Every structure is written in structure tokens, then in C-alpha cells.
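What follows draws every value from the coordinates through simple rules; no lab data is involved. These figures come from a predicted structure and were not determined experimentally. We place every Cβ from the backbone using ideal geometry, glycine too, and count neighbours over all the protein chains shown.
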Amino acid sequence: MVISLLTCWLVITVGCKKNDNEAPQTAIRFVVPSNFPTPVYQFTNNTVSNAGFDLGHRLFYENALSIDNSTNCGSCHQQFAAFANLDHQVSHGVNNCFGTRNSPPLFNLAWQQNFMWDGGVHHIELSALNAFVNPCEMANTLDNVVKTLNNKPSYPQLFISAFGSSEINSQRIFKALAQFTGMMVSANSKYDKYSRKQNGGEFTNDELAGYALFKQKCSSCHTEPLFTDNSFKSNGLELNPKDAGREIITLASADFGAFRVPTLRNVALTSPYMHNGSLSTLAQVLNHYNSGVKNHINLDAKLKQNGVLGIPLSATEQQKIITFLNTLTDNEFIHDPKFAELPPL
Amino acid sequence: MKSISIFKSLTCVALICIIASCKKNNNEETLAGQGKVNLEFENKVGDQELELNTGAYTNANGDDFKITTFKYRISNITFNKADGSKNLIPESYLLIDAADEKTTLQTIEHVPAGDYVSMDFVIGVDSVRNFAGAQTGALDPAKGMYWSWNTGYIFVMLEGSSSKSTQADNKLAFHVGGAKAPNNTVRKVTLPFTAGGLRVRSNSQPEIHLLVDAAYLFKGTTNINFATLSGFHGGSDAVTIANNYATGMFKLDHIHN
């Protein structure tokens, strides 16, 4: 009796140990940072799994998504630039085709109600489609993307691991990509540590002064903690914009020339700036708001108070705001190996 | 004794009741389960058959036209009984393409057995699904009829040409869609069935033969003049066309029970 109990115990103990040793990696999960609001995307019907995330990671860096096997998502969304496109005013797609707008950074997308500079895409799972089919991005068709992946020998197994069967369809491609892009959370900047009163979050006097100015001059549109109010506005960049912006989507003339208020997180890394990439430095951006704002027909009212165009900012104030903006850089995010570029399969 | 006999007779009544109710249940059982219904879509332009590329037609405004593409989505198919009860068929999303014969005869499964007097459906895709995430089946964007830059489904697409069109190559391109105010083009239609209705049983497969008249894009509430309107994607013009086709694009021809 005693012996058989002991045997049982041994079997159980060995069983436990074996399981522990076999655990290949910790289960990946989506965590809402304590200083963030409730996300828009809750991964409903698309629970994040290690295999689903890994497939999304693989697809994000897959050249075969483009018509000529030359371009992947990471081509215009580079990790070192917080997944924006450094040095590119507008995106540079296949066949040397240049798009019309600046490639936006990718992070905290689970908090975004809609996507693109004009907000035309209303769901994170469909945000990749535009890049697949735009003639100046990947110039592909969705049908062909599905066919191409079906013909690549390594993919069926990846889809089995992620979704339980080898079927490759657009829904699974989009869901895997959304697992990867939805998991891109950037919330470990110095500013975040300051907000959460963590080590490494001690602001200097200049940073504190810049933060106070920011709250006074900028935060009504670039609202904390995501640093955007998710609206679309004309910021007086051009008097007669060629790009109608949000109006293309809503067909409302009040939206002519209005574009998304972008997040300012990681803004020190995402040059050039504005929807058309027309400003190359943060100094130029601050200078635009101080003295460069044009009286566009739909100029946001906050940029035309008491008949004065723009937001008056002295040179010192501009410098202090830039000092604060530098605290929004999340070095952990841009070096996180989870999101790093993958070599081709 | 008397009370016992009352008890006995009560028991008898109860038994009879049970038997009677069993019988009733047995009768209903022949209507239990689910059946299939075939939906046949016969594409027309007025009285003429719709023939892609070759058919020559005239709209209500007197403008000539030809059709190269005619596709439409219907969804939320609901079968209604005489007592007012409704059976919405889950996941009933159909995409019909005049160029693809396979799509003009579709089978609706999981229809509760019963006798139905009418059907409802949405021309297009309901707002909830239109704004949901990645979809599959008839709603897979890889099947087309989808806007990637202004995400959403195209509900009805008619392309072709007219000598009156001022577009390059006299093209016509009507892409109706949009599920948001003020340009919401989701439309619901109800088709009453003829005498005898639709009989759905688990062991039979009735067929509903529908006539789909493309001419109703251009008449009904507003006659369309191709010289002034030859194409759009979404917007207020799409609403005009949706209001038109909601008045009569779909008609019941007959039912084979």
C-alpha cells in the first residue's frame, strides 16, 4: 500500500517536472498598462496565442505579400522608427511608386477607433488590406495574397498551429496580423514611468516646465495618455491642400483638408512629420504652430483664437516642449525582440 | 366512495388531456426539424433577360445602356409565418454575380420547418457586420465588392456603358454601399408569397424563384439621367439609387414547394 502510494506520488512529481521542463515559452497575453484607458479592440473572436502572434509576426515581415516579392509591412513601418518610416516623406511602395501620405507609426493600435490619416478604415483587423492592394504600396490583390501563402510550404503548418487547421484565408491572415499589431503596446517611456511614479520616471526641471507648457498649449488635441483626441482637424499646413483628407471618407465639406490628430508618443523617432511628411524636425513643427499656420477654410478653431493664427510660443517655450516630447520615447518598445524584423523563411 | 370516483374521473380527464396533448405534439412533429430552401435569382432588365456585355437596354429616362458587371449582396434572410412570427436565418449572407452562374442558385440551410407567408431580407450587409472585423465566406473581401480605403462592403454594383455617359469610354460605374448616416444605403425589402406560401419540411427542398430587375437602379423614386449621373462610389448618389432599387428590384416570380 505504502509502496503503491509512493509510486503514485513519484509519477505525479515526475509528471509535473516534465511539464515544467517542456514549457517552451510563457504564454503571450495582452496587458492594459495601468495608466491607459480601456482599449477599443478587445481581441474578441481573436484571442491572442503564441502561435497566432508568431504567425502575425511572420506575415508582418513577409515580402510575398507584395506583388513583386519586394516589400513587407516592415518596409514602411520600421521598429527603430517606432514603426513609422524614417526619412520618407511619403511611403515608397513597389515599382518605385510613391504614395501621397506619410507612413504613420504603429503602436497602441488597440486603442484606435479607426485607421489611416483619413480614418477610412474602421477596424484593426482590416487595416492591413489597404496596404496589400494599394498600387503604391504592395499592389497586390487579396485573392493573390491568399494563393501565394498557400503555395509557400512553411505556411500551412503555421496556420495549423495558430488556428487548428491548414486553411489559409483572408480572415485568418487579418486576424493573425491583428494579434501581432494589436500587441504592439508602447507604454514604457520616461513619461509613463513619471505618470506611474516608477523608477526612471524622475523629470528634470526642464522636462517639468515643458510638460506644464504642453498641457497648456498642446494637450487639448494631443490628449494624454495616448496623446491624441482621435479627431480629424486641419492644422493649417497648406492654404489649398491637394489632398482632401477626411472629406474623402465623410464627403462632408467641413472635413476638407482635415487629417487625424496623430499620437505624439515616440514622436522624436518618427520624422518626418505631418500627413504629407513636409516637416523634418520637431523644431520645424513647433515653429509651424507658432508662426506657420495658414488660414485654411476649415482651420481648427483652436488654431485661430482671438483672430490670431497658430499657438504663440517663444523660442524658449518651443525648446522646453521639445524637451518634454523627448520623454515620450519608449526605448524598450523599439528594442523589444518580440517585434523585431525576421529574416525570410 | 364518491370522492374516490371523482378522483378516478379526474384522473381519467387528466389522462385524456395528456393523450390529447401527446397527439397534438405528434402532429407538430411532422413540422419539426429544419429544411433547405433554394433561392434562384433570375437577373432581368425590365422585361428583357439580363445579358452581360451584349444586351442592349433603355432606362426610364430613355437613355441607352449596356451592362458589363452586375453584382449584389443580400443578407438577414427572414421567413415569416401567418401568425406574425419570424425566423431569421443566421449567417445568411449571399453574394450574387450575374457573371457566375453558380451564385444565381443558392441554398439556404437551417430553415425551421413550417408554412411561411412572406420573406424579408436586407439588400446589402447589415450595419453590425459591415463594421465588424475580418470576415469569411460570402463576406470575405477577397471575393471583391469591398472598399479597402473606406472600409465597408459594396452592396450593389452595376458597371457598363451608355452613349449618354460623359465619363471616359462612356462608362457607367454605380457602386452602392455605405452603412452610416447620412449616406446609409442598407435597405430591407419584404416579398409576400403567393397563395400556398412556402412549405418548408425536413424532407423536401422548395425553391423560391426571384426576379431581379436591374432597371430599378434607375427608376422607382428618381429617374436617372446618365448624362448627369454615370457613376459614384457611395455618398448621397448611392442613397438615391438605393431608394430606387428598394422599390422593386426584387420580385417574387413563383415558388416550387
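Compute the distance in nm between two label points, each set 7 Å from the Cα along the Cα-to-Cβ direction, one at A:Val32 and one at B:Thr247.
Output for this residue pair reads 4.9 nm.
Mind scanning A:Lys175/A:Lys338; A:Lys242/A:Lys320; B:Lys36/B:Lys188 and naming the pairs with a C-alpha gap bigger than 24 Å?
Pairs exceeding 24 Å: A:Lys242/A:Lys320.
Could you compute the FRET efficiency for A:Lys215 and B:Lys86, with r as their C-beta to C-beta distance and R0 at 56 Å, rounded to 0.05?
0.55
Excluding A:Val94 itself, what net charge comes from residues whose Cβ is under 9 Å from its Cβ, given Lys and Arg +1 and Asp and Glu -1?
Spelling it out: positives minus negatives among the neighbours equals -2.
How high is the relative contact order of region A:50-185, in percent, counting Cα pairs under 8 Å that sit 6 or more residues apart?
So the answer I get is 30 percent.
Per the helix-only calculation at 222 nm, which mean residue ellipticity applies to chain B, given -39500 (n - 2.57) for every DSSP H run of n ≥ 4 and division by its residues, nearest 500 deg cm²/dmol?
It comes out at -5500 deg cm²/dmol, rounded to the nearest 500.
How high is the relative contact order of region A:241-345, in percent, counting Cα pairs under 8 Å that sit 6 or more residues apart?
After rounding, I find 24 percent.
Between helix B:2-29 and chain B, what is the angle of the helix's C-alpha long axis to the longest principal axis, kept within 0 to 90° and rounded to the nearest 10?
30
Only four residue types carry charge here, +1 at the Cβ of Lys and Arg and -1 at the Cβ of Asp and Glu. Report the dipole size of chain A about the Cα centre in Debye, rounded to the nearest 20.
Dipole of chain A, to the nearest 20 debye: 440 debye.
Provide B:Met249, A:Met184 in ascending order of the number of other Cβ atoms located within 10 Å of each residue's Cβ, fewest first.
A:Met184, B:Met249
In debye to the nearest 20, how big a dipole does region B:34-256 give about its Cα centre with +1 on each Lys and Arg Cβ and -1 on each Asp and Glu Cβ?
Result for region B:34-256 is approximately 540 debye, rounded to the nearest 20.
Name the shape class, rounded, prolate or oblate, that the alpha-carbon gyration tensor gives for region A:19-91, where a ≥ b ≥ c are the square roots of its eigenvalues, rounded holds for a/c under 1.5, and otherwise prolate holds if a/b is larger than b/c and oblate otherwise.
Since a/c reaches 1.5 but b/c is at least a/b, the shape of region A:19-91 is classed as oblate.
For region B:34-256, what does the relative contact order come out to in percent, with C-alpha contacts under 8 Å and a separation of six or more?
That works out to 27 percent.
Roughly what angle does helix A:50-60 make with the longest principal axis of chain A, taking Cα atoms, 0 to 90 degrees, to the nearest 10?
Helix A:50-60 and the main axis of chain A meet at about 50 degrees.
Measuring from label point to label point, each 7 Å out along Cα→Cβ, what is the A:Glu341 to A:Leu208 span in nm?
4.2
Distance from the Cα centre of region A:222-292 to that of region A:297-339, in angstrom?
With region A:222-292 and region A:297-339 each reduced to a Cα centre, they are spaced 11 Å.
Can you run phi through the Karplus equation (6.51, -1.76, 1.60; θ = phi - 60°) for region B:72-81 and list ³J(HN,Hα) in whole Hz, with x for Gly and Pro?
8, 10, 10, 8, 6, 5, 10, 9, 10, 9
Could you give the nm distance between label points at A:Glu167 and A:Asp143, where each point is 7 Å from its Cα heading toward the beta carbon?
So the two model labels end up 2.0 nm from each other.
Shape call for the protein assembly as shown from the C-alpha gyration tensor, a ≥ b ≥ c root eigenvalues: rounded (a/c under 1.5), prolate (a/b greater than b/c) or oblate?
Numbers: a/c = 2.05, a/b = 1.30, b/c = 1.58.
Since a/c reaches 1.5 but b/c is at least a/b, the shape of the protein assembly as shown is classed as oblate.
Please work out the FRET efficiency for the pair A:Phe80 and A:Ser291, using the Cβ-Cβ distance as r and a Förster radius of 51 Å; give the result to the nearest 0.05.
E(calc), rounded to 0.05, equals 0.95.
Give me a single rounded figure for B:147-155: the average over its residues of other chain Cβ atoms within 10 Å of their Cβ.
For peptide B:147-155, the averaged partner shielding equals 6.
Starting from the Cα-Cα distance between B:Asn223 and B:Asn38, subtract it from 0.36 nm times their residue separation and give me the gain in nm to one decimal.
Contour length minus Cα-Cα distance gives 63.3 nm.
Report the Cα-based extents of chain A along its three principal axes, largest first, to the nearest Å.
Sorted from largest, the Cα extents of chain A read 92, 50, 31 Å.
Just from its helices, what would the mean residue ellipticity at 222 nm be for chain A, if runs of 4 or more DSSP H residues each count -39500 (n - 2.57) and the sum is divided by every residue, rounded to the nearest 500 deg cm²/dmol?
-9500 deg cm²/dmol
Note down the net charge around A:Leu309, summing +1 for each Lys or Arg and -1 for each Asp or Glu among other residues with Cβ under 13 Å from its Cβ.
Details: positive: A:Lys294, A:Lys302, A:Lys304; negative: A:Asp300.
Neighbourhood net charge equals +2.
May I ask for the angle, rounded to the nearest 10°, between helix A:170-182 and the longest principal axis of chain A, with both axes built from Cα atoms and the value confined to 0 to 90°?
70
Within a Cβ distance under 11 Å of B:Asn38, other residues only, what is the Lys/Arg minus Asp/Glu net charge?
Taking every other residue near B:Asn38 into account, the sum is -2.
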